[in-house]
Structures are given as structure tokens and as C-alpha cells.
Amino acid sequence: MILRTPFFERTNAANGTGLWTHWAGHLVAEKYQMSEKFEYFAVRNAASLYDTSPLYKYRIAGPDSERFLAGVLIRDVRSCPPGRAQYTAWCDGEGYLVEDGVVFRIGPEEFLLTAARPNLSYLSSLVTHESVNIEDVSRAYGALSLQGPHARQIITALDPSMTGLEYFHHAPAKLGGAAVLVSRTGFTGDLGYEIWLDPDDALQVWDTLIEAGAGRGLIPIGDTAVLMARIEAGLLLVDVDYEPSRFAFNDAHRSTPAEVGLQWMLGSLGDRRFVGREAIRREMVSGASRWRFTGLVVDWRDYDQRHRAAGLIAPKDHMPVTGDMMVYDPDGRRVGYATSFMYSPILQNHIALARVEPGLAEKGTDLQLEFTIDHRYQMVVARTAPLPLFDPPRKRS
């Protein structure tokens, strides 16, 4: 059964291409206009509206809800007070990544956890003697992502109380008379907000935002533009940059938090017990991580020269490419692989998200990325760069 989000009546009317993709069983626009790059530039230069309703959402509540989540999530949720949110992740007992998401603390004993894949059974299986209730509330919320440099002007014009909303904070608001929850979060690496609302108010909120953003370049955007922005922002995409450990066939397809750049969530570990802690501690102590997650920036001169030598014009395609692209050191030894690749319109260069051997992840290390030119594999110089590759100050301001 194909599901429709609460905004489908509006997204369907706006979708001039008729192109749709599936997300958690829902129809989601791939792009509304023939140029997905036009939608991408709305994210970076104006404002964009993206329907994120298909996200899975779990309400975790009860006297032991904090203790439960502190024993499941690798980031210490006890440091997240009501009104705040955390980007977080959770692992299996072997310290391999199950999934990542955002946890919102609604109150002292209530949390909302988002995920791209279903996790209700997994989370419920971890409940032992805690007084906690886990409920799938995915269909109880519509969700919109308002992203771009003009996003603050739009949201504050509708509710001035949003003026001081800080990065990864959330607060109740009123948009066109509808009660909503607004958070300073998003998946584009830019200034932005996510709006959580009752599905019955979905069309009213959509219309209110579109009207308020009419003079500020606001347009609806589809999946492609968001996936372009997230590569520049160095944001992980499940089933692309990592596979959930529950569904991987072997350890080569599993990842530890450190191997996908999430080691910063762990701090010094302290004495908190959580699922996978001992395996993660052993990895940290022994330095046994197989990979380090890094950005790669392709040397445009080398890229152009190799195409010109073959009598070709070097392509500069902004469409995201996913799937392994091999990475080699200057001697031709395979030292990793890229998981996401694109030509960045704003950085004016080919970029990638990659895993490389830990000793080669230092900024500015010369490596080689494998391309197919004239039906033959060729190596092009690519240098490591810290993530995010695009990180405008407005994102946190």
C-alpha cells in the first residue's frame, strides 16, 4: 500500500514533473521543477520547504525514560534538558551502528526520537525493568523542513517568539493559528527549522508558510535537492554511508561510530553503561578502527587534464552518486572507498564522503579517486578535507 503524507494535496499540485520516490512507504516528490539545481539553490540562497513526514517518530515516556535512553543511545541524553534536541545514534552489543537520528526532549519524562527506518521492535526489545513506554507516533505528526538563509525571516514573521530559537533547541509556536512545535534542526547543513504538527493542520500550515515566503524565494523542494545539500554538509545517509548492523550480512558491511565520524558523541565514555559500550571502549583503547570518515575534494586540474587527454570535456554533474568508488594512495594501494559523490554547485568542485585508513585521514592528504574515463579506470588526485565541506556560520547563528 502506497501512503500519502498529510501534505500530499499540496505537494501533488506543486509537482510539475510528476516524479515521485518512495520513503517509508510514502510518496515523496523527487523534484517539483525540471531543474533540481534550481531547487538546490533555494536551499543555499533563499528558502525551501521539504515534506519530511515519512520519518519514523517514537514517543518514549515514563519515569525511567531518561535512564532507558541513557542506556541505549551512544550520546548521553542526560545532558539534554527539556527544550533541547540532540543528534544521536544507537548501536548493537558489538558496538556496530544500528541507526542515527534526532532525540527531542519534550519534558522531564518525555522524549521524541526520529529515525529513517523502523526501530520500534528493536527499541522495545531493550526494555527490561524500566518504567517506560515506547510508542510509534509516526502517523500522529506531519513534518516540514524550512531551510535556507531566509528561513528565519519567514518563521519569525509568522511567530516573533521564534527570533531567539537557538541551534538544536525547540519550542511551541503558532503558524497561521495552528499550534506547532518548531526546532532548529534539518538535513541540509544550512540555517533552518523543522516544524512538527497535527496532520489535521497540515494544509493550513503549508499555505501559511508558502504565503509568508512568497517574497523571499520560498519554493517546495524534492529529494534530489536535499540529497545534494546533505553531501556538502557531510551528513550521514542510512543505506548509503553506512548499513544498519541489523541487516548487514557481514562485518565488512557494518560500521562503528568512529568509522563514520561519530566518535565525538562518545566523549570520554565515563561510567555510563549503554548498549555496545564495552566494544566501543575496546576499539578506542586499541585504536582498532578500520576507517576514518572524511571529505574528499577532487583536484580539478588533474580531473580536467585526464578528460582532455582523452578528447573529452570534463563532466561536472551535480546529481549525487552513491555506491562504492575506490580510493587509492599515490602508490596505487587501495586505502578506502567513497560512499557519496557529486559536483558541488556552491563549492565549484567535485566532492565525496569517504572512508580511508585512519593514518591517511589528516587534512590535505593526497589520495586518488577512481573514475571511469573512456571505459577505463583512471586515478584522479583527491585530497582529504574535514567535514562538513560546506558550513556557513548562519547555520548556528
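Would you call R306 surrounded by 15 or more Cβ atoms within 10 Å (Cβ to Cβ), touching a residue at least 60 places away in the same chain (Cβ under 8 Å) and in contact with a helix residue (DSSP H, G or I) (Cβ under 8 Å, 6 or more places away or on another chain)? Judged against the criteria, R306 is not a match. Selection within the range 18-47: residues that are more than 12 Å from D223 (Cα to Cα) and aromatic (F, W, Y). The member of this set that is surrounded by the most Cβ atoms within 10 Å (Cβ to Cβ) is F41. When you look at V327, is it open to solvent by less than 70 Å² (accessible area, probe 1.4 Å) and farther than 19 Å from E259 by Cβ, yes or no? Criteria not met by V327. Residues satisfying the criterion are absent from the range 101-120 (criterion: touching a helix residue (DSSP H, G or I) at 6+ places or on another chain (Cβ under 7 Å), surrounded by 21 or more Cβ atoms within 10 Å (Cβ to Cβ), part of a helix (DSSP H, G or I) and not polar (S, T, N, Q)).
Conditions tested, residue by residue: (1) under 18 Å from the mean Cα position of the chain (by Cα); (2) among the acidic types (D, E).
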site	(1), (2)
M342	yes, no
L353	yes, no
E357	no, yes
D374	no, yes
Y377	no, no
L387	yes, no
P392	yes, no
S397	no, no
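None of P54, P82, P63 is more than 19 Å from A233 (Cβ to Cβ) and in contact with a Gly (Cβ under 6 Å, 6 or more places away or on another chain) except P82.
Restricting attention to the range 221-243, the residues that are among the charged types (D, E, K, R), touching a helix residue (DSSP H, G or I) at 6+ places or on another chain (Cβ under 8 Å) and open to solvent by 10 Å² or more (accessible area, probe 1.4 Å) total 1.
Can you find even one residue in the range 202-219 that is closer than 20 Å to R105 by Cβ and small (G, A, S)?
Step one: of the range 202-219, the residues closer than 20 Å to R105 by Cβ are none.
Checked against the condition, which is being closer than 20 Å to R105 by Cβ and small (G, A, S), the range 202-219 yields no hits at all.
For first residues located in the range 161-178 and touching a residue at least 60 places away in the same chain (Cβ under 8 Å) and under 20 Å from Q86 (Cβ atoms), partners that are hydroxyl-bearing (S, T, Y) and open to solvent by 40 Å² or more (accessible area, probe 1.4 Å) and lie 6+ apart or on another chain with Cβ distances below 9 Å form the pairs Y167/S397; F168/Y87; A171/S161. Within the range 10-42, if we keep just the residues that are polar (S, T, N, Q) and in a loop (DSSP other than H, G, I, E, B), the residue that is nearest to S138 (Cα to Cα) turns out to be N15. Are any residues in the range 121-136 at pLDDT below 95 and either open to solvent by less than 60 Å² (accessible area, probe 1.4 Å) or of a type in the set (A, V, I, L, M) (or both), and if so, which ones? Scanning the range 121-136 gives a single hit, E130. Of the residues making up the range 244-299, those that are charged (D, E, K, R) and open to solvent by less than 40 Å² (accessible area, probe 1.4 Å) are E259, R272, R277, E283, D299. When each of G336, G359 is tested for being more than 16 Å from D304 (Cα to Cα) and open to solvent by 50 Å² or more (accessible area, probe 1.4 Å), the lone residue that passes is G359. Among the residues of the range 157-215, just one is among the basic types (K, R) and under 25 Å from the mean Cα position of the chain (by Cα), namely R184.
With the condition kept exactly as written, say whether any residue in the range 88-95 is touching a Pro at 6+ places or on another chain (Cβ under 8 Å), surrounded by fewer than 18 Cβ atoms within 10 Å (Cβ to Cβ) and of a type in the set (D, E, K, R). No.
Selection of first residues in the range 81-96 that are closer than 14 Å to A248 by Cβ and in contact (Cβ under 8 Å) with a residue 24 or more places away in the chain and of second residues that are open to solvent by 50 Å² or more (accessible area, probe 1.4 Å) and acidic (D, E), restricted to Cβ pairs under 8 Å at least 6 apart or on distinct chains, gives the following pairs, ordered by first then second residue: G95/E278; Y96/D251. Residues in the range 53-93 that are closer than 25 Å to P172 by Cα and of a type in the set (V, I, T): I60, V77, T88.
So that you can scan it fast, the table gives a plain yes or no per residue for (1) in contact with a helix residue (DSSP H, G or I) (Cβ under 7 Å, 6 or more places away or on another chain); (2) modelled with pLDDT of 95 or more; (3) open to solvent by 50 Å² or more (accessible area, probe 1.4 Å):
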{"residue": "L97", "(1), (2), (3)": "yes, yes, no"}
{"residue": "A140", "(1), (2), (3)": "no, yes, yes"}
{"residue": "H150", "(1), (2), (3)": "yes, yes, yes"}
{"residue": "S161", "(1), (2), (3)": "no, yes, yes"}
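Looking only at residues in the range 363-397 that are part of a loop (DSSP other than H, G, I, E, B) and under 13 Å from V297 (Cα atoms), the one that is most open to solvent (accessible area, probe 1.4 Å) is K363.
Residues of the range 66-87 that are in contact with a helix residue (DSSP H, G or I) (Cβ under 7 Å, 6 or more places away or on another chain), part of a strand (DSSP E or B) and within 19 Å of E135 (Cβ to Cβ): none at all.
The values are calculated or read from the model by the stated rules, or taken from the named source; none is laboratory data. No experiment lies behind these values; they were computed from the predicted model shown. Note that we place each Cβ from the backbone using ideal geometry, even for glycine, and neighbour counts take in every protein chain shown. When the accessible area is computed, the model is the full protein with side chains, heavy atoms only, and any ligands, DNA or RNA have been set aside. Shrake-Rupley method; radii C 1.70, N 1.55, O 1.52, S 1.80 Å.
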